[in-house]
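**Q** This structure is in structure tokens; I'll ask about it shortly.
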Amino acid sequence: MLYERAMRIKPSPTLAVDAKAKAMKAQGMDVVNFGVGEPDFDTPEHVKEAAIKAIRDGFTKYTPVGGIDELKDGIISKFKNDNGLEYAKEEILVSCGAKHSLYNIAQALFGAGDEVIIPSPYWVSYPDQALLNDAVPVIVRTYEEDNFMLKPDVLESKITKKTKALIINSPSNPTGFAYDKKTLEAIADIALKHNIFVISDEIYEKLVYDGAQHISIASFGKDIKDKTIVVNGLSKSHAMTGWRIGYAAGPKDIIKAMTNIQSQSTSNPTSIAQKAAVAALTGPQDFTAMMHAEFDKRRNFLVDGLNSIGGVKCLKPNGAFYAFPNVSKLYGKRAGDRAINSSFDMAMYLLEEANVALVHGEAFGDDSYIRISYATSMENIKKGLDRIKEAVSKLK
Ligand SMILES: *Cc1c(COP(=O)(O)O)cnc(C)c1O
């Protein structure tokens, strides 16, 4: 018999949409895939070369569980230069992707009855990782009027004696919005006042637009730094999703517990991928700048295109590579005998009738929206927009 824990969670809905789109493609259908959550660029050449060199040099054995010193040094420099944060080696843990970093945190911090505040729309793994560790996800809704930022007074109203942590994701997947400094400062004050941990997922740090600046909540002073675990990684910044390198930085005792957990589960992240990550962090950063410029162009084009479709409303996000249009005005309409009453209906309609794959907002906790990833070519974006426009025009 399966233990009840295994039945609490569901497979990642974003990966499911991607699988369906790929299956349609395999049948020879011309699908525009807006469902993907990874950059469409190839990993930079110098990063690949570093991995090839690691293989040739025989750097193919176990490494220290928490990552090689060279990589920890690269991460420490990154925090110092990009975020104004000073960490020691014992305050850093390298894991098999940022998702694994988050999982280690959940294992180390969460327990039965603990409440974890998760603003919605949320990244799909936060609630399920809490559930897997016997904690209770407390979903707190945010609104497009506030650029999907959690309001500090709303946060405070949700804190109870059982609240253990708050998870913040800025810039956000799926909304594409980054928090501003004022809001983050107010959130930090409330976290300190009520003595709760802040888990700050900063994986889209390098992708902010329109003059927005990424700020780490841990950078507001020693007190909040001592209550924050920052999570970051190479997947998005260097198009390295398949290499599985992420990292966490935080108080020594928490990092030590997470390292022990990792030592009894995965052991070290792949030795070769660690060498590649060193090259990514310490080598030239022109790749990230090129990718950023390209995403910025697509973002402008996509959002303008979406807003030209009747019944669709899309704020211009200032981060990540997602647009999150509100399509709820179209609910209640029909195409023939197909009724559109939810984000899932809309996603299925667009997939089956227009060959456009995207993710229903309900998967992220808000049924009024759909998530469109612009990590795909401009040509695909144009084609996809035309198809959505035509499909929506048929709704009566
Ligand atoms: C992609 C993503 C991650 C996980 O990245 P990996 O390092 O590939 O595990 C974590 N958080 C968010 C919000 C993401 O979109």
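The values are calculated or read from the model by the stated rules, or taken from the named source; none is laboratory data. Everything numeric here is computed off the predicted structure, so don't read it as measured data. Side chains are part of the model used for accessible areas, which takes the heavy atoms of the whole protein and leaves out ligands, DNA and RNA. Shrake-Rupley method; radii C 1.70, N 1.55, O 1.52, S 1.80 Å.
**Q** Given the pairs K252/K316; K236/K382; K236/K333, which are separated by over 27 angstrom at their Cα positions?
**A** K252/K316; K236/K333
**Q** Convex hull volume of the Cα atoms in the chain, per residue, in Å³?
**A** Convex hull volume per residue, Cα atoms: 155 Å³.
**Q** What list of ³J(HN,Hα) values in whole Hz, one per residue of the stretch 23-38 in order, does the Karplus curve 6.51 cos²θ - 1.76 cosθ + 1.60 (θ = phi - 60°) give from phi, with Gly and Pro shown as x?
**A** These are the phi-based 3J(HN,Hα) values: 5, 5, 4, 5, 7, x, 7, 8, 9, 8, 9, 9, x, 6, x, 9 Hz.
**Q** Under the rule of at least 5 residues apart or a separate chain, name every residue whose amide H is placed under 5 Å from the amide H of G233.
**A** Y247
**Q** Tell me the carbon and sulfur percent of the accessible area for the stretch 45-282, rounded to whole percent, probe radius 1.4 Å.
**A** Roughly 50 percent, rounded to a whole number.
**Q** Let me ask you something else. Show that you can apply the helix-only estimate: for the chain, add -39,500 (n - 2.57) for every DSSP H stretch of four or more residues, divide by all residues, and state [θ] at 222 nm to the nearest 500.
**A** Helix-only estimate at 222 nm: -12000 deg cm²/dmol.
**Q** Continuing with this model, one more query. Any chance you could run the full-extension gain for K10 through N195? It's 0.36 nm times the residue separation minus the Cα-Cα distance, nm to one decimal.
**A** Stretched fully, the K10-N195 segment lengthens by 63.5 nm.
**Q** Quick one: what do you get for the stretch 186-278 if you divide its Cα Rg by 2.2 N^0.38 Å?
**A** 1.23
**Q** Also: Once ligands and nucleic acids are excluded and a 1.4 Å probe is used, how much of E45 is accessible, expressed in Å² to the nearest 10?
**A** 110 Å²
**Q** Using only protein heavy atoms and a 1.4 Å probe, report how much of M290 is accessible, in Å² to the nearest 10.
**A** Its heavy atoms expose roughly 90 Å² to the probe.
**Q** What is the gain in length, in nm to one decimal, between R334 and D153 on full extension, counting 0.36 nm per residue of separation less the C-alpha to C-alpha distance?
**A** 61.2 nm is the gain from fully extending R334 to D153.
**Q** Long-range amide H contacts for I370: which residues qualify at under 5 Å (H placed 1.01 Å from N, peptide plane, sequence gap of 5 or more or a different chain)?
**A** V327, G361
**Q** What is the total of Lys pairs in the stretch 123-185 with C-alpha atoms under 21 Å apart, excluding same-chain pairs fewer than 8 positions apart?
**A** Lysine pairs, 8 or more places apart or on different chains, close enough: 6.
**Q** What is the mean projected area of the alpha carbon convex hull for the stretch 291-392, to one decimal in square nanometres?
**A** Orientation-averaged projected area of the Cα hull: 5.9 nm².
**Q** For the stretch 3-12, take each phi angle, set θ = phi - 60°, evaluate the Karplus expression 6.51 cos²θ - 1.76 cosθ + 1.60, and give the result in whole Hz per residue in order, putting x for glycine and proline.
**A** Along the stretch 3-12, the couplings run 6, 3, 3, 5, 8, 6, 10, 10, x, 4 Hz.
**Q** Would you pull out the residues with amide H under 5 Å of D114's amide H, same chain only if 5 or more places away, H placed 1.01 Å from N?
**A** V136
**Q** Which of the residue pairs K99/K206; K48/K383; K10/K99 have a Cα-Cα distance greater than 21 Å in the structure shown?
**A** Distance filter (> 21 Å) returns K48/K383.
**Q** Also: In what sequence, largest accessible area first, do D82, D146 appear using a 1.4 Å probe?
**A** Correct descending sequence by accessible area is D82, D146.
**Q** List, in order, the whole-Hz ³J(HN,Hα) value for each residue of the stretch 380-396 obtained from phi through the Karplus relation with A = 6.51, B = -1.76, C = 1.60 and θ = phi - 60°; use x for Gly and Pro.
**A** Coupling constants for the stretch 380-396: 5, 4, 4, 4, x, 4, 4, 5, 5, 4, 5, 5, 5, 5, 7, 6, 10 Hz.
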